[in-house]
Every structure is written in C-alpha cells, then in structure tokens.
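To start, the structure under review is shown below, and the notes come after it.
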Amino acid sequence: MTTSDLFIDGRFVPAATGRTFTTIDPSTGDPIADVAHAGPHDVAAAVSAARAALDGPWSRMPAAERGRLITRLADLVEANADELAELESLDGGKPIRNTRAMDVPAAAAQFRYFGGWPTKIEGETIPVAVPDTLCYTRKEPVGVCAQIIPWNFPLLMAAWKLGPALAAGCTVVVKPAEQTPLTTLRLAGLIAEAGFPAGTVNMLTGDGGTGAALADHPGVDKIAFTGSTAVGREIGAKAGARLTRVTLELGGKSPNIILPDADLDAAIAGSYQGVYFNSGQACNAASRLYAHRSVFDQVIEGLLVRIKEARVGQALDPSTELGPLVSAGQYQRVRGYIRDGIAEGARLRAGEVPGEPDGGFFVQPTLFTDVAPDMRIHREEIFGPVLVATPFDTVDEVVRQANGSEYGLAAGVWTRNLGDAHTLAARLSAGSIYLNTWAPGDPAAPFGGIRASGIGREMGRAGLDAYLEPKTVWTNLTSR
Ligand code: NAP
Ligand code: MG
C-alpha cells in the first residue's frame with residue numbers, strides 16, 4: 001500500500017509526527033491507501049507557507065497571469081478526468097457514471113469559470129459630497145483561507161472553494177474529509193503541475209482534529225466550511241470569537257412540492273433523482289416530499305416502480321446507479337434513522353432495515369409514508385437514500401409545512417401554472433428554489449442556505465465576493 005503525503009509549500013511531505021491513517025473503499029470495506037495525518041505542527045507550516053505566498057509571488061502576479069494559472073488547472077483536471085473519476089469512485093463509493101459525467105467535468109467548469117474572473121475584479125469610483133475629494137474602492141483578497149471539505153463531493157467541493165479564493169488572490173489551506181482524501185491529493189499534484197507559486201495552495205489530510213486545529217489557527221483570515229450543521233455551529237462560534245470571516249455550507253431537509261396540475265411523469269422522475277442521487281448524500285437532497293392528496297398515490301406508485309428498478313452496486317461498475325454509503329459510520333447512522341422511522345410508526349413502503357454491513361455499505365432506496373411532522377425522519381437530515389412523503393390539501397398548509405424546518409437550503413415545486421410556481425418561489429424560505437426541476441447547477445449561479453443551512457453563498461459573483469475585502473480610499477485633491 002502506498003502512503004500519500006501532505007502538500008505544503010509546493011512539496012509533498014509526510015506529517016511532522018509521521019502519523020498516517022487508512023482510507024478505505026466503501027464498495028468493499030477494503031483499505032486503499034495510507035494517508036498522512038496532519039497535526040498542529042503541519043497546520044502551522046501550511047498557514048505560514050500560505051502567508052508567505054500571499055505576501056510574496058502570488059500577490060505580485062498580474063491578474064491575467066493568475067487567471068491563466070486557474071484556467072490551466074481546469075485544463076489539467078480535464079486531461080486527467082478518467083483518473084480523477086476512478087479515484088473519486090474508489091474512495092467515496094460514488095458511481096463511476098456520475099463521477100465521469102458530473103463530478104469531474106463540474107470541477108473543471110468551476111476552475112474555467114473562475115479563471116475568467118481575476119481580470120474583471122474592479123473597484124468603484126464613489127460620487128461623494130465632500131468637495132475636492134477623490135473616493136474609490138479597491139477589492140483586495142481576504143487573505144489566508146482555511147477551506148474544510150466534506151466527503152460527499154470531495155473534488156467538486158474543493159473546486160467550489162478553490163476557484164473563487166484563487167481568483168480573488170487569496171492563498172489557501174485545504175482540509176479534505178478523512179473518508180475521501182485521494183482526489184484532493186491528486187488535485188495538489190495538478191496544482192503543482194500548473195505552476196502555481198509554492199504555498200499558494202496547501203493540502204492537509206487528517207481528521208476532525210486537523211480541521212479544528214486549522215480553524216483555531218490565528219494566522220487564518222477566513223474559514224470556508226462545508227459539512228454538518230453541528231460542526232458548522234462550532235466553527236461559526238470560533239470565527240465569531242476571533243472575528244474571522246466565515247462562510248458555512250451546512251445541511252438541509254429540503255421540501256419538494258407536487259401540485260395537482262403537475263406533469264406527473266416529470267415530477268416523479270425529478271423527485272426520484274432529487275432524493276436518491278449520490279445515495280441521498282447531498283446537502284440539497286429532495287428529502288421531504290409533499291404531493292397533493294389527489295395525486296399522492298399515483299406519485300408513490302411511480303416512485304415505487306423506479307425504486308424497484310434501481311441498480312445498487314459497486315461504485316466502479318458502470319451500470320451502478322446508487323453506490324454504497326461513504327463509510328461504516330454513515331451506514332450505521334442511516335440504519336438508525338430507518339429503525340427509528342419504523343419505531344415511530346411511519347410506514348416503510350420500500351427498502352428495509354439494513355443488516356450488519358457485509359463488505360460494502362449498501363443501503364437500498366427507502367421510502368416512508370404515514371409520516372408525522374414531529375418524527376425524527378421528517379425533521380432531521382438523514383444524508384442517505386431515505387425519502388419521507390406526505391400528502392397535503394391546500395397550498396397554505398404545504399407552505400407552512402415546507403417552511404417549518406430549521407433548515408433552508410433548497411425547495412422545489414412541480415406545477416404547470418406559472419403564477420403558482422413563482423408565487424411559491426417567493427413564499428418558500430430557502431437559498432435555492434427549483435421549479436419543475438431539481439438541483440441543476442452552474443458555476444455562475446450562487447448556491448447556499450439560510451438558517452441552519454448556513455451563511456453566505458458559493459459560486460457566481462456572490463461566491464467571489466466572499467473572498468474579497470473592499471477598501472475605501474479617500475484623497476484630498478487640494479493638498480500639495
Ligand atoms: P462533518 O463532521 O461536519 O465533516 C465535514 C468536514 O469537517 C470534514 O472535513 C471533517 O473532517 C471536518 N471536521 C470535523 N470535525 C471538525 C471540527 N471540530 N473542526 C473543524 N473541522 C471538522 O460531517 P460528517 O461527520 O462527515 O458527516 C455527518 C453529517 O454531516 C452527515 O450525515 C450530513 O448530515 C452532514 N454533511 C453535510 C454535508 C453537506 O454537503 N452539507 C456534507 C457532509 C456531511 P473529518 O471528516 O476528517 O472528520
Ligand atoms: Mg475512502
């Protein structure tokens with residue numbers, strides 16, 4: 001088994017303590033590789049390399065050159081797409097058809113989009129009332145950024161965070177999730193190959209302790225985190241105490257509403273994909289379904305037909321639609337929710353209580369009806385292939401239910417009536433609204449949540465602004 005090192009100051013180095021951990025293949029439960037486990041000493045080295053690059057070659061580089069390097073990284077991700085897709089599927093259990101068609105091309109698209117930004121970051125001239133005065137703004141990089149990445153879309157989430165940070169002129173220390181370090185490390189190799197100055201991007205593999213040490217480091221100017229709401233609250237509290245800039249991309253329990261006039265075939269297909277894509281391990285999964293009572297049974301029947309045909313299997317098998325869950329821990333967590341739903345009296349319409357994992361961490365697509373609003377499976381983010389479905393009678397009632405969650409990441413509506421669609425888009429409280437679709441994405445379109453789903457936006461101009469600090473310059477034009 002090979003050992004993968006940390007990427008600090010442009011070099012691959014072992015952890016200062018020599019500590020490693022093993023990453024496993026969730027399709028089999030077998031070990032894949034040993035990976036360096038970064039501790040506080042490595043965090044300090046990475047932050048100091050990022051600071052030196054920020055104060056040195058990276059900040060002196062013309063914007064056009066910065067953009068060229070980010071674009072070269074997009075080219076390298078595309079040139080190495082097959083390898084990245086295989087690594088992502090092997091390490092995270094994501095079906096190879098998805099990593100090939102989605103994760104890797106979407107990561108390249110992020111770098112390509114943000115590669116165009118550096119030459120367009122402009123300040124403004126402000127028409128102030130003070131006489132004989134020139135007032136303008138400069139947009140400066142926030143500084144050294146700590147970026148903490150989840151395991152559900154490891155390469156893509158790294159690209160979402162790195163693209164805008166690099167475009168803004170920041171330097172970065174990235175911490176991938178312990179379950180899925182391999183594509184981040186491969187990306188480090190591509191960053192070196194692209195020719196970024198040493199220290200501009202540093203990659204620290206490790207566990208939650210590594211992430212905490214990074215979030216605690218006083219040399220970090222901004223923390224960008226994607227993951228659970230619990231850890232997000234912890235990081236938000238730390239950032240608040242130190243007044244460090246922070247953006248948080250957290251969980252969701254997103255409502256998906258089917259009105260009686262919807263194109264039901266499209267609504268069923270979209271609702272199925274919306275919740276079961278990536279085996280439900282998506283922050284914006286369509287995990288709460290509300291279908292009008294007049295179409296409820298038809299919608300459930302349609303979902304059951306698709307569930308029966310679902311191909312659950314090994315991630316590297318091209319015919320697999322749903323891969324395993326990412327880890328034994330996640331498997332046990334989802335199993336606990338399924339047991340809990342049954343114990344609370346919900347009706348299990350598809351799926352089963354998973355047994356002890358035998359090799360891979362496979363969970364069949366699961367569907368509950370007869371769900372009460374206060375059940376845990378209805379309120380909490382499960383992050384597995386589990387759908388809860390509820391009928392409704394009136395629009396006011398479904399809006400109340402849909403908005404009655406601590407989360408606010410996404411919400412969807414299926415209807416043929418444009419007025420209803422846009423009225424509901426305004427009434428539903430979430431960062432993204434999907435009308436007759438679920439979760440399309442584009443690097444130019446902002447994404448993020450409200451309430452317990454997070455703070456700030458990623459992607460698009462809003463995502464770039466999160467890495468820029470405006471500076472206001474006042475000039476007395478009469479002084480000699
Ligand atoms: P998590 O603990 O929040 O992990 C997310 C990232 O934060 C990982 O890189 C993790 O490192 C790191 N981390 C963990 N503890 C930390 C700490 N105290 N300080 C700084 N960084 C820390 O998420 P998880 O435990 O893997 O998953 C649990 C639940 O989180 C899921 O079931 C799901 O509900 C939610 N989740 C949401 C998203 C999303 O996209 N919104 C993504 C993943 C998970 P290690 O992994 O190495 O510990
Ligand atoms: Mg793994």
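The values are calculated or read from the model by the stated rules, or taken from the named source; none is laboratory data. Please read all numbers here as calculations on a predicted model, not as lab measurements. Ideal geometry is used to build each Cβ from the backbone, glycine not excepted, and the neighbour counts take in all protein chains shown. With ligands, DNA and RNA removed, areas are computed over all heavy atoms of the protein, side chains included. Shrake-Rupley method; radii C 1.70, N 1.55, O 1.52, S 1.80 Å.
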Looking across the stretch 173-186 at residues that are closer than 20 Å to V231 by Cα and buried (at least 24 other Cβ atoms within 10 Å of the Cβ), the single one that is farthest from ligand 2 (Cβ to nearest atom) is V173
Within the stretch 318-327, restricting to residues that are in a loop (DSSP other than H, G, I, E, B) and more than 14 Å from ligand 1 (Cβ to nearest atom), the one that is nearest to S228 (Cα to Cα) is P324
Counted residues in the stretch 277-295 being open to solvent by less than 20 Å² (accessible area, probe 1.4 Å), hydrophobic (A, V, I, L, M, F, W, C) and closer than 20 Å to K253 by Cα come to 5
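A quick yes/no check of all residues on (1) surrounded by 18 or more Cβ atoms within 10 Å (Cβ to Cβ); (2) at negative phi; (3) free of Cβ contacts under 8 Å to residues at least 24 places away in the same chain:
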site	(1), (2), (3)
D103	yes, yes, no
T125	no, yes, yes
L134	no, yes, no
A146	yes, yes, no
A159	yes, yes, no
P164	yes, yes, no
Among the residues of the stretch 456-468, is there at least one that is more than 19 Å from the chain's Cα centre (by Cα) and more than 16 Å from ligand 2 (Cβ to nearest atom)?
yes
Among the residues of the stretch 328-340, is any over 19 Å from E309 (Cα atoms), of a type in the set (V, I, T), assigned to a loop (DSSP other than H, G, I, E, B) and under 22 Å from the mean Cα position of the chain (by Cα)? no
Per the filter on the stretch 197-214, residues surrounded by fewer than 24 Cβ atoms within 10 Å (Cβ to Cβ) and within 21 Å of G163 (Cβ to Cβ) are P197, A198
### Query
Of the residues that make up the stretch 84-94, is at least one assigned to a loop (DSSP other than H, G, I, E, B), more than 16 Å from ligand 1 (Cβ to nearest atom) and modelled with pLDDT of 95 or more?
no
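Right, A15: assigned to a helix (DSSP H, G or I) and away from ligand 2 (no atom under 16 Å from the Cβ) or not? Show your work before the answer.
Working: assigned to a helix (DSSP H, G or I): no; away from ligand 2 (no atom under 16 Å from the Cβ): yes.
So A15 does not fit the description; no.
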Considering residues that are without any contact (Cβ under 8 Å) to a residue 60 or more places away in the chain, assigned to a strand (DSSP E or B) and either open to solvent by less than 10 Å² (accessible area, probe 1.4 Å) or within 30 Å of P218 (Cα to Cα) (or both), the number found within the stretch 24-45 is 1
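Being hydroxyl-bearing (S, T, Y) and open to solvent by 40 Å² or more (accessible area, probe 1.4 Å) is the filter here; which residues of the stretch 383-428 pass it?
Step one: of the stretch 383-428, the residues hydroxyl-bearing (S, T, Y) are 390, 394, 405, 407, 415, 423.
Result: T394, T423.
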For the stretch 285-343 the number of residues that are free of Cβ contacts under 8 Å to residues at least 60 places away in the same chain and either under 20 Å from A372 (Cβ atoms) or aliphatic (A, V, I, L, M) (or both) is 14
Checked the stretch 74-97 for anything in contact with a Gly (Cβ under 9 Å, 6 or more places away or on another chain) and within 16 Å of ligand 2 (Cβ to nearest atom); matches are S89, G92, G93, K94, P95, I96
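Return yes when E249 is charged (D, E, K, R) and surrounded by 16 or more Cβ atoms within 10 Å (Cβ to Cβ) and no when it is not. Can you show your working first?
Details: charged (D, E, K, R): yes; surrounded by 16 or more Cβ atoms within 10 Å (Cβ to Cβ): yes.
Here the answer is yes, as E249 does meet what is asked.
Residue-by-condition table, conditions (1) closer than 16 Å to W474 by Cα; (2) touching a Leu at 6+ places or on another chain (Cβ under 7 Å):
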{"site": "A129", "(1), (2)": "yes, no"}
{"site": "T137", "(1), (2)": "yes, no"}
{"site": "A146", "(1), (2)": "no, yes"}
{"site": "P154", "(1), (2)": "no, no"}
{"site": "A165", "(1), (2)": "no, no"}
{"site": "A168", "(1), (2)": "no, yes"}
{"site": "V173", "(1), (2)": "no, yes"}
{"site": "Q179", "(1), (2)": "no, no"}
Discussion item. Regarding the stretch 269-284, can at least one residue be identified that is of a type in the set (S, T, N, Q), farther than 30 Å from A215 by Cα and part of a loop (DSSP other than H, G, I, E, B)?
Written reply: no
D374 passes all but one of the listed conditions (1) out of contact with any Asp or Glu (no Cβ under 6 Å at 6 or more places or on another chain); (2) crowded, with 17+ Cβ neighbours inside 10 Å; the exception is number (2)
